[in-house]
Amino acid sequence: MLKVSVKWQKEVFPDVEIDTSQPPYVFKVQLYDLTGVPPERQKIMVKGGLLKDDADWGTLGFKQGQKLMMMGTADEIVKAPEKGPVFMEDLPEEEQAVAVGHSAGLINLGNTCYMNSTIQCLHLVPELKSALLQYPQSERRNDLDHPSHMLTVATRDLFNELDKTAKAVAPMQFWMLLRKKYPQFGQLHNGVFMQQDAEECWSQLLYTLSQSLRSPGANENPDSVKQLFGVELVSRIHCQESCEESSESETVYSLKCHISHEVNHLHEGLRHGLKSELEKASPSLGRSAIYLKESRIDGLPRYLTIQFVRFFWKRESNQKAKILRKVDYPLELDVYDFCSDDLQKKLEAPRQLLRNEEGKKLGLKVAEKSSTSKDNDVKMSDADEGSSNLARESSLTTSQDDAPVEEKQLTGIYDLVAVLTHKGRSADSGHYVAWVKQESGKWIEFDDDNPIPQREEDITKLSGGGDWHMAYICMYKARAVPMCVAPFGHVASTLREENAGNVQHQVTQTFQILNAWMVPTLIIGILIGT
């Protein structure tokens with residue numbers, strides 16, 4: 001075996017063996033191990049030039065103990081990481097929750113899946129969490145009962161706990177205070193807590209929060225829950241028999257999707273839900289009569305809740321039965337057709353702007369904004385009158401009082417963000433699960449303490465038609481667009497300028513008419529006088 005010494009920079013490597021049966025490239029690999037210089041960077045001086053990778057050793061005439069010189073720059077030495085790998089279970093709980101990408105599950109305390117699924121759906125609303133964070137624990141309003149106050153505090157604490165950990169949370173304090181406020185959720189059967197209706201839990205919790213999160217001065221801070229979930233309805237009530245007619249307005253926190261053999265889609269069920277018959281005393285007939293109530297949406301919330309009316313009381317079995325019929329629902333819901341005429345007019349400008357923005361994303365050409373549309377933007381402040389939930393989601397302050405303010409306007413189009421499903425044949429049995437869309441756009445199935453990632457295309461398959469999970473409550477989030485809205489002072493000033501311009505125009509027209517009449521009269525008078 002031939003041995004040589006190699007000098008590289010200030011170092012000398014003696015007794016480096018050369019296997020002449022292998023090509024010189026193998027020798028370069030040996031030197032790479034010693035020096036860290038890659039073979040392609042090595043320049044080894046030999047007789048007649050540089051050592052090539054495929055050179056013939058026999059023609060090079062190397063001798064035992066010969067000294068070789070090598071030039072080349074070594075690769076940067078890879079340093080060991082300052083910190084070793086950190087496993088998920090070793091992270092602090094707050095960092096675990098961020099790394100997982102979704103909130104924690106909730107432990108079933110004994111037929112409490114109805115409560116767990118309700119909490120997971122409402123927990124996704126950031127505006128509700130912000131309102132709860134501002135709720136004081138020590139101070140309670142005089143007009144608010146103590147159980148409602150304590151249940152609100154427990155809701156706030158439970159929401160915070162879900163955001164701070166990736167481990168399953170036991171909602172013991174919340175459950176205890178829920179039963180204290182609403183004893184029906186504490187019903188026992190053979191010493192075991194009974195299954196309850198998730199929609200009833202949802203409605204009762206929202207009612208409590210609407211009372212506790214409301215400021216004593218409604219003008220200063222209106223009802224947060226009403227702004228988030230309240231749907232303003234205007235109804236026409238008329239009796240065909242007596243021709244009596246009246247109207248009323250109300251605020252509800254969910255729309256009903258009535259299910260019958262004619263209903264195959266959510267839109268059809270909503271249309272049925274906005275019409276109902278009621279029996280009441282007729283003053284003109286002097287007896288009870290059937291009245292038809294037809295409702296239209298007159299104010300939209302940021303989050304639209306829809307309940308599928310799947311349960312009804314079955315007299316034969318003396319219990320709640322379930323309608324298993326399949327009713328499809330969309331990922332994107334447009335409620336424009338269910339709105340009142342006034343609300344539809346107010347939605348036209350934001351909807352057009354939304355269509356323009358979507359057209360630009362698709363690469364379509366959008367017509368330039370006309371002066372008429374600009375006037376519509378300025379006068380959008382009038383659209384807020386009589387419909388507080390319609391437009392103002394957030395506002396941006398401006399430096400000048402009379403400058404237009406950019407605010408987000410609702411469009412009547414909503415995106416699905418949560419589905420609460422029920423599996424089973426009865427409301428008093430079966431199992432409830434929450435399917436919630438995260439901020440990242442991913443869907444998570446919260447089956448009590450077990451969060452499971454799901455595909456979006458599988459969410460709309462929860463429409464019923466069998467014994468599998470089917471949608472019982474759907475929650476949609478409003479799609480809003482920023483629009484410029486002029487403050488009242490600017491609108492008033494504009495109106496004054498328009499009125500002044502109209503007056504000036506009318507005066508000019510009057511003088512023109514007088515001149516047209518007076519000039520011929522004067523000419524005739526002159527001719528007669530001559």
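The values are calculated or read from the model by the stated rules, or taken from the named source; none is laboratory data. Treat the numbers as computed from the prediction; the structure is a model and nothing was measured. Reconstructed Cβ throughout: ideal geometry from the backbone, glycine too, with neighbour counts over all protein chains shown. When the accessible area is computed, the model is the full protein with side chains, heavy atoms only, and any ligands, DNA or RNA have been set aside. Shrake-Rupley method; radii C 1.70, N 1.55, O 1.52, S 1.80 Å.
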So how much accessible area does LYS345 have, in Å² to the nearest 10, using a 1.4 Å probe? 140 Å²
Measuring from the lowest to the highest alpha carbon on each principal axis, how far does segment 211-312 reach, largest first, in angstroms? 46, 37, 23
Roughly what would the spin-label model give for SER429 and LEU2, points 7 Å off Cα along C-beta, in nm? 9.0 nm
Would you tally the net charge around PHE311, using a Cβ to Cβ cut-off of less than 13 Å, leaving PHE311 out, and scoring K and R as +1, D and E as -1? +3
A 1.4 Å probe over the protein heavy atoms gives segment 2-71 a carbon and sulfur accessible-area percentage of 52 percent
With +1 at each Lys and Arg Cβ and -1 at each Asp and Glu Cβ, the charge dipole magnitude of segment 2-71 around its Cα centre, to the nearest 20 debye, comes out at 380 debye
For HIS422, HIS102, what's the largest-to-smallest order of accessible area, 1.4 Å probe? HIS102, HIS422
Do the alpha carbons of any pairs in LYS322/LYS423; LYS256/LYS326; LYS256/LYS346; LYS226/LYS408; LYS256/LYS293; LYS180/LYS437 sit beyond 20 Å of each other, and which pairs? LYS256/LYS346; LYS180/LYS437
Hey, what's the Kirkwood Rh for segment 2-71 if you take every pair of different alpha carbons, in angstrom? 12.0 Å
Would you calculate the separation in nanometres between label points at GLU262 and GLN134, each defined as 7 Å from the Cα along the Cα-to-beta-carbon direction? 4.5 nm
Output row, site SER284, 7 Å Cα→C-beta label point, backbone N cut-off 13 Å, window segment 228-251, residues 238-246
Given the Cα-Cα distance of MET71 and LEU331 and 0.36 nm per residue of separation, how much length would full extension add, in nm? 87.0 nm
At a 1.4 Å probe radius, which order do LYS437, LYS275 fall into by accessible area, largest first? LYS275, LYS437
Sorting check: for 151-158, 35-42, which peptide has the highest mean count of neighbouring beta carbons within 10 Å, and how do the rest follow? 151-158, 35-42
Per-residue HN-Hα couplings for segment 294-310, Karplus 6.51 cos²θ - 1.76 cosθ + 1.60 at θ = phi - 60°, whole Hz, x for Gly and Pro? 10, 10, 10, 7, 10, x, 9, x, 6, 10, 9, 9, 10, 9, 7, 6, 9
